[in-house]
Amino acid sequence: MQELDGKHIVLGLTGGIACYKSAELCRLLVKAGATVQVVMTEAATQFITPVTMQALSGRPVYGSQWDVREPNNMPHINLSREADAIVLAPASADFIARLVQGRSDELLSLLCLARPAERVPLLIAPAMNREMWVHPATQRNLRQVDADGARVLGVGNGWQACGETGDGRMLEPAQLFEEIVAEFQPKVLAGEHVVVTAGPTFEALDPIRGITNHSSGKMGFAIARAAREAGAEVTLIAGPVHLPTPRGVQRLDVTSARQMLEATLGATQRASVFVATAAVADWRPASHSEHKIKKDGSGQPPVLHFVENDDILLTVAQGARAKAGELFCVGFAAESENLVEHAKAKRARKGIPLLVGNIGPLTFGQDHNSLLLVDADGVRELPRAPKLMLARELAAEIAARLPSGRQR
Ligand code: CTP
């Protein structure tokens with residue numbers, strides 16, 4: 001089962017140098033199981049040839065509303081009715097202005113106007129020079145297409161083909177792919193604000209060394225991504241990890257357990273769900289040496305003293321908002337044996353409605369995992385699968401447990 005199996009995407013290209021990235025986007029969509037029908041404006045064909053896009057999509061490209069290949073000669077109706085989504089990448093400033101006006105004198109704008117809006121989402125990936133991007137006319141047009149029901153995916157920042165640097169670059173193919181996949185996920189957490197802690201913490205001994213663990217943060221990042229795909233606003237509080245931030249997720253980077261506690265207490269003030277996946281260090285050095293701890297020549301190792309870190313999950317779960325049922329808390333347990341007993345005991349000890357157990361050595365750094373859900377009704381296993389798949393299942397499980405009325 002691939003991410004986009006059974007999905008049919010109309011990929012519309014308009015005139016812009018970012019067309020070169022659309023070739024890669026097309027490839028990613030096809031690789032993920034989608035069928036892709038490319039439609040190009042005449043301006044787009046100045047930047048990339050229909051031959052390239054046909055070869056990558058495996059289908060002849062459409063470019064004219066008078067295409068005689070369609071028996072009824074209505075490609076705008078046929079193409080927009082078949083689609084599960086229409087993606088405009090790149091969408092030029094001019095094309096966005098044309099959408100605002102409802103223009104329809106060429107095939108791509110015509111099929112956008114003709115799309116059945118209630119079941120075919122229109123995703124727009126703008127691409128233009130930074131001055132064009134910030135121009136009030138462009139910003140006004142973007143607000144209007146958004147109000148008219150399209151989803152504007154945003155732009156990147158950086159070096160532009162014109163030699164200038166700023167906002168207006170088309171998002172990278174992998175980012176657009178992530179947005180398209182997200183569009184198809186059920187919005188089970190719409191209206192919720194989810195806070196996730198992820199990764200290890202690092203407890204410094206001196207400026208050079210410290211205590212940490214092997215947590216990669218992958219499960220927490222997958223949960224943040226899945227929650228955002230499910231329609232939630234997401235704050236991800238990340239310990240020191242080298243993972244890209246999922247699209248649309250607000251990330252707060254922290255190092256120590258104390259910083260993670262402070263960030264979590266702040267973020268959960270207005271959250272409705274808290275998922276604690278971080279492998280928080282239980283102990284921190286009692287004192288932090290300002291300079292590197294040196295060997296003193298005696299052959300004796302230094303004596304280190306530790307103090308216990310606060311339990312972030314426990315602190316949040318005992319807070320007023322969790323007690324009042326306004327904040328649903330989910331804990332994780334990484335064990336090395338007796339998972340069921342430890343997970344049950346940990347759920348009771350932390351006073352939380354849902355605890356997710358896994359075997360630490362089988363998950364740390366891996367892309368796959370299996371999870372054990374422990375709640376008041378008992379124990380249920382989510383069998384081994386990619387972490388993102390498990391995260392999506394967990395998002396649905398959390399949504400199903402939210403107090404009725406809040407569940408969408
Ligand atoms: N946790 C936390 N703050 C801590 C320790 C743990 O928020 N200082 C959270 C973790 O994010 C996880 C859960 O508590 O959701 C369980 O963490 P784990 O390390 O498995 O359990 P501990 O409570 O530390 O218990 P033990 O060391 O006995 O296994």
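Coordinate-derived values only; no laboratory data. The model shown is predicted, which means the values in this text are computed figures rather than measured ones. FYI the Cβ positions are ideal-geometry reconstructions off the backbone, even for glycines, and counts take in every protein chain you see.
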Filtered GluC sites (Glu not before Pro), the stretch 248-330: DSSP coil and at most 16 other beta carbons within 10 Å: Glu290, Glu326
Helix-only mean residue ellipticity at 222 nm, the chain, DSSP H runs n ≥ 4 weighted -39,500 (n - 2.57), per residue, nearest 500. What is it? -9500 deg cm²/dmol
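Once fully extended, how much extra length lies between Thr315 and Ser64, figured as 0.36 nm per residue of separation less the alpha-carbon to alpha-carbon distance?
84.1 nm
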Remind me, relative contact order of the chain in percent, using alpha carbon pairs under 8 angstrom and six or more residues apart? 11
Going down the list Lys7/Lys31; Lys21/Lys187; Lys323/Lys350; Lys187/Lys323, which pairs span over 23 Å between their C-alpha atoms? Lys21/Lys187; Lys187/Lys323
Between the stretch 79-107 and the stretch 337-408, the alpha-carbon center distance in angstrom: 42
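Taking 0.36 nm per residue of separation and subtracting the Cα-Cα distance, what length does fully extending Glu118 through Phe306 add? Please list the in-between numbers first.
Working: separation 188, 0.36 × 188 = 67.68 nm, distance 5.90 nm.
Gain on stretching Glu118 to Phe306: 61.8 nm.
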Enumerate the calculated ³J(HN,Hα) couplings along the stretch 173-179 in order (Karplus 6.51 cos²θ - 1.76 cosθ + 1.60, θ = phi - 60°), each rounded to whole Hz, writing x wherever the residue is Gly or Pro. x, 5, 5, 5, 4, 4, 5
